[in-house]
Amino acid sequence: MQQLGTPLSDEEYHQFFRFLQTAHRASNACLFRMLYGCQNPLIQRLDKYENHGVIPEGPICSELPGTPLFPDFCNFSFYRCLRKRYFIKV
């Protein structure tokens, strides 16, 4: 069992984003996040699922060279949406 608040494994990410395999679907999910924010219950449910039941509090480390920290998971998620880099993990 994974520790609460840890990111999904590579296989779990594959399952998590399976319904977002096309850029169109992924951008729709990001648009929903941008319209309704990270406090929306659906967005929070997705964020919790992505992190084994807990939305991590900041700061958030990333695998991005030159952008190692984000103040919180919401900012990290918005960054992924804006850059269309949906599969970047923390």
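The values are calculated or read from the model by the stated rules, or taken from the named source; none is laboratory data. For clarity, every value in this text was computed on a predicted model and none was experimentally measured. Counting neighbours? That spans all protein chains shown, and the Cβs are built from the backbone with ideal geometry, glycine included. Accessible surface areas use protein heavy atoms only, side chains included; no ligands, DNA or RNA. Shrake-Rupley method; radii C 1.70, N 1.55, O 1.52, S 1.80 Å.
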So for the pair residue 32, residue 14, with labels modelled 7 Å out along Cα→Cβ, what separation do we get in nm? 2.4 nm
Dividing the mean separation of Cα pairs under 8 Å (6+ apart) by the residue count of the chain yields a relative contact order in percent of 32 percent
Protein accessible area in the chain, 1.4 Å probe - carbon and sulfur %: 57 percent
Rounding to the nearest 20 debye, state how big the charge dipole of the chain is about its Cα centre with +1 on each Lys and Arg Cβ and -1 on each Asp and Glu Cβ. 380 debye
Which Cα, out of 40, 26, 3, lies furthest along the positive dipole direction of the chain (beta carbon charges, K/R +1, D/E -1)? 26
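Count charges around residue 55 for me, please; just the other residues with Cβ under 9 Å from its Cβ, Lys/Arg as +1, Asp/Glu as -1. Write down the numbers at each step before the final one.
Values: positive: 48; negative: 47, 50, 57, 72.
Counting the neighbours of residue 55, the net charge comes to -3.
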Identify which of the listed values of volume of the Cα convex hull per residue in Å³ was calculated from the structure shown: (1) 92; (2) 107; (3) 78. (1)
Which loop-located trypsin sites (Lys or Arg not before Pro) does region 1-86 contain, where loop means any DSSP state but H, G, I, E or B and the Cβ has at most 10 other Cβ atoms within 10 Å? 84
Please compute the per residue accessible area over the chain with all protein chains in place, 1.4 Å probe, rounded to a whole number of Å². 65 Å²
